[in-house]
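Structure first, commentary second.
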């Protein structure tokens, strides 16, 4: 039986982190060929089924254009992009630093914008073009200390909606997932007294993303889908 994403080429930013790594494993299990992009380094080599692109600064438009060229040379095509790369900071506005707002804008919104712009020429050639951005549940309502993060993730959601409208007659869907706290070792260490079993696991979030990349989600575009577990 053919897998749902068999032979589709999927690019994942932030691919060496918790969610990116889980998503890559699950996509490969469904038959996808992968482009794994991250600022971090790796000693693993690329293969015909996995193009590894470490050391990429996604805040740089030039780096993103170089990624597009590498994908074109390796696969000759691209079917989907998942923008996982991003960052987080908790900081109250009173006494906070405006540089935190600039940094989270760059990490969360600028990276998504740059990769979308650079890879769209490839994605538009696909018969089933897909873009999925990682937003945040906090984009809907920011709590204390979440202003900069929530604002940057709200920007990701607005980017998603606007790009979906731009591409809706061109065969490309654009959606965002809006997770609450993701169950990662880093978040457990930061919140040791929390009820971890109420959080969203990387596997659960990756499952929603993979659904949006498949044929069954072809009629969904411009959506911001909450993935909040039991928080």
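Would you confirm, using the coordinates I've provided, whether residue 222 is in contact with a strand residue (DSSP E or B) (Cβ under 7 Å, 6 or more places away or on another chain), at pLDDT 95 or above and not in a helix (DSSP H, G or I)?
Yes.
Which condition from (1) touching a helix residue (DSSP H, G or I) at 6+ places or on another chain (Cβ under 9 Å); (2) over 23 Å from residue 40 (Cα atoms) is the one that residue 135 breaks?
Checking residue 135 against (1) touching a helix residue (DSSP H, G or I) at 6+ places or on another chain (Cβ under 9 Å); (2) over 23 Å from residue 40 (Cα atoms), the one that fails is (2).
So how many residues does the stretch 1-16 have that are out of contact with any strand residue (DSSP E or B) (no Cβ under 9 Å at 6 or more places or on another chain) and under 20 Å from residue 66 (Cα atoms)?
Residues meeting the conditions: 0.
Among the residues of the stretch 143-166, which ones are on the phi < 0 side of the Ramachandran plot and assigned to a loop (DSSP other than H, G, I, E, B)?
Passing the criteria: 143, 144, 146.
What about residue 171, is it on the phi > 0 side of the Ramachandran plot, surrounded by fewer than 21 Cβ atoms within 10 Å (Cβ to Cβ) and over 14 Å from the mean Cα position of the chain (by Cα)?
yes
Scan the stretch 204-216 residue by residue and report those that are surrounded by fewer than 20 Cβ atoms within 10 Å (Cβ to Cβ) and in a helix (DSSP H, G or I).
204, 207, 208, 211, 215, 216
Given the conditions (1) over 25 Å from residue 212 (Cα atoms); (2) at pLDDT 95 or above, which single one is not true for residue 24?
(1)
Return the residue satisfying two criteria in turn: it lies in the stretch 167-203 and is in a helix (DSSP H, G or I) and in contact with a strand residue (DSSP E or B) (Cβ under 8 Å, 6 or more places away or on another chain), and of such residues it is nearest to residue 121 (Cα to Cα).
Restricting to residues being in a helix (DSSP H, G or I) and in contact with a strand residue (DSSP E or B) (Cβ under 8 Å, 6 or more places away or on another chain), the top hit is 167.
Name, by its number, the condition in (1) touching a helix residue (DSSP H, G or I) at 6+ places or on another chain (Cβ under 6 Å); (2) over 30 Å from residue 120 (Cβ atoms); (3) modelled with pLDDT of 95 or more that does not hold for residue 147.
(1)
Residue by residue through the stretch 191-229, note down the ones that are touching a residue at least 12 places away in the same chain (Cβ under 8 Å), closer than 20 Å to residue 168 by Cα and under 16 Å from the mean Cα position of the chain (by Cα).
209, 210, 212, 213, 214, 221, 222, 223, 224, 225
Please go through the stretch 81-108 and give me each residue that is in contact (Cβ under 8 Å) with a residue 40 or more places away in the chain, in contact with a helix residue (DSSP H, G or I) (Cβ under 6 Å, 6 or more places away or on another chain) and surrounded by fewer than 21 Cβ atoms within 10 Å (Cβ to Cβ), ordered by number.
88, 89, 91, 93, 100, 101, 105, listed by residue number.
Restricting attention to the stretch 113-125, does a residue exist that is in contact (Cβ under 8 Å) with a residue 60 or more places away in the chain, assigned to a helix (DSSP H, G or I), surrounded by 14 or more Cβ atoms within 10 Å (Cβ to Cβ) and in contact with a helix residue (DSSP H, G or I) (Cβ under 7 Å, 6 or more places away or on another chain)?
For the stretch 113-125, residues in contact (Cβ under 8 Å) with a residue 60 or more places away in the chain, assigned to a helix (DSSP H, G or I), surrounded by 14 or more Cβ atoms within 10 Å (Cβ to Cβ) and in contact with a helix residue (DSSP H, G or I) (Cβ under 7 Å, 6 or more places away or on another chain): present.
The values are calculated or read from the model by the stated rules, or taken from the named source; none is laboratory data. Because the structure is a prediction, the values reported are computed rather than measured. Virtual Cβ from ideal backbone geometry, glycine too; neighbours counted across all protein chains shown.
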